[in-house]
Amino acid sequence: MPRLTPDPSFYATPAEAAAGPPERLGYVVTLNTGTNGDRGADGLGVLDLDPASSTYGRLVGRLDMPNIGDELHHFGWNACSSALCPWAPHPHVERRYLLVPGLRSSRIHVVDVKGDAAREPKLVKTIEADEIARKAGYSRPHTIHCGPDGIYVSALGSPDGGGPGGIFLLDHDDFDVKGAWEADRGSQELAYDFWWHLGYDTVITSEWGTPKMVEDGLVGELLLGNQYGHRLHAWDLKTRRHLQEIDLGPEHQMVLELRPAHDPRQAYGFVGVVTSTADLSASVWLWRRAQDGTVSAKKVISIPAEAAETGQLPPILQPFGAVPPLVTDIALSVDDRSLIVSCWGTGELKRFDVTDPDNPRETGSVRLGGIVRRAPHPVAGPLNGGPQMVEISRDGRRVYLTNSLYASWDAQFYPQGIDGWLVKLDAGADGSLTLDPDVYVEFRGERPHQVRLEGGDASSDSYCFPDH
């Protein structure tokens, strides 16, 4: 029987989402790197995030994938608050399934987490790589976003490992591949993340590289030749046509995570840039859509590299004599007031007040791991890896952090190996960040990547209605 009322985890406005019940469970995908030379399947872990629970901060469930070598990476919900848009044809779908792509295998796992499956997730469907290639012409699915009219998936490239990358659609109901999204891609070739401003019919996409450019690690010649992504692209959501290319400058290499304002009246957002070939700095840029529909971008945060002795550095960095920050993820709170920035290289997690998005102000910082520092956690001692994928609770009070980027890139920047860990931080009303000593999750033989929260999180949903 069809649902007669919307899913209670869908919220019309950002403020309603922030006022909703706090998460009690979290989901984290893990890459199985193997122990004693034996590699097992990647998995989806379930975290108990209820402070009143006797198992608070521990893994309480797990689903092993049926194959070896998927390299689970980014994942997302099948449906979310965007389904409440007045023009949406699917207002009564429910937030029930997690769509979990394998970046290496190009297959997508559909996982049920409703009811008893919340702690014991169940694999209900696998979308194989050949179906994606046959129906959409893409491979290496990367990012999942729940849209009003279907499930949107970005892909890094074509089945042969080259370009172009792009976006394809899955059906809300049966998860069939509907086809490539683009009607006219214009100059766009490289792909990575994508997001939208629903009220302005505007899509923004970013760039990393084709599968051949990223799967075996960072290619120094391509980096120094400024061949990785350094552009944003603006699209018309309804006509699916490329409108504009915004070049951040060829030295700004790897334009990755997009975080648009949650307020549907606004048409701006932030994007992280991994590194500059000019000075190894990292940066965060603000894009903004003007009244005439054009999009501009400007650098609003710059994070310098940190000097280091050659012997402290992995071979890939020794010629430079410094540790780059390597901004690999950012997260914007649901109230659009706080931006969290991960510096995977230096081991710093930064918090900025972005109430004035043109002029971010740093308010908090925590050090964990890092290529040189190996900053400790209170209950674990010195750490390897560094702040990587970051997620914020809907109310903006809790931050969840993991430490692994991508197996081949982990090996280059942390050649001593990465022991997987997940931590929680508390985000204070004063702009601070503080580690929660009760949540330190160690992963043996595995590395955690992305976290999703029960009922949605700061990076899951788009909202159709303003707060006021």
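Values in this text are rule-based calculations from the coordinates and carry no lab data. Remember, it's a predicted structure, so these values are computed and weren't measured experimentally. Backbone-built Cβ (ideal geometry, glycine too); neighbour counts: all protein chains shown.
Based on the mean of other Cβ atoms within 10 Å per residue, sort peptides 110-121, 454-465 so the most packed one is first.
454-465, 110-121
Once phi is turned into θ = phi - 60°, what whole-Hz ³J(HN,Hα) does the Karplus curve with 6.51, -1.76 and 1.60 give for every residue of region 200-216, x standing for Gly and Pro?
Calculated HN-Hα couplings, in order: 10, 6, 10, 10, 10, 10, 10, 9, 10, x, 6, x, 5, 7, 10, 5, 9 Hz.
Looking only at Cβ-Cβ distances, which cysteines of the chain have no other cysteine closer than 4.7 Å?
When partners are defined as cysteine Cβ atoms under 4.7 Å apart, the chain leaves CYS343 without one.
Run the Debye formula on the Cα coordinates of the chain, all scatterers equal and no solvent, and tell me log10 I(q)/I(0) at q = 0.11 1/Å.
-0.82
Ranked highest first by average number of other Cβ atoms within 10 Å, how do 252-264, 379-391 line up?
In descending order of packing, they fall as 252-264, 379-391.
Which stretch or stretches of region 66-92 have amide N atoms under 16 Å from the point lying 7 Å from THR5's Cα along the Cα→Cβ direction?
92
In whole Hz, with x marking every Gly and Pro, tabulate ³J(HN,Hα) for region 313-318 from phi via Karplus 6.51 cos²θ - 1.76 cosθ + 1.60, θ = phi - 60°.
In residue order, the calculated couplings are 9, x, x, 5, 9, 4 Hz.
I need the peptides 26-32, 350-356, 271-277 ranked by packing, meaning the mean over residues of other C-beta atoms within 10 angstrom, with the highest value on top.
26-32, 271-277, 350-356
Using each residue's phi in region 327-340, evaluate 6.51 cos²θ - 1.76 cosθ + 1.60 at θ = phi - 60° and report the 3J(HN,Hα) Karplus result to the nearest Hz, with x for Gly and Pro.
Per-residue couplings from phi come out as 6, 9, 7, 9, 9, 10, 5, 4, 7, 6, 9, 10, 10, 9 Hz.
Using amide H atoms built in the peptide plane, which far-off residues or other-chain residues are under 5 Å from ASP193 H to H?
Residues meeting the amide H criterion: SER206, GLU207.
Remind me, relative contact order of region 14-453 in percent, using alpha carbon pairs under 8 angstrom and six or more residues apart?
Dividing the mean separation by the residue count of region 14-453 yields 11 percent.
For each pair in LYS135/LYS238; LYS212/LYS424; LYS135/LYS299; LYS238/LYS298; LYS114/LYS178; LYS135/LYS212, compute the distance between the two Cα atoms and list the pairs where it is over 31 Å.
LYS212/LYS424; LYS135/LYS299
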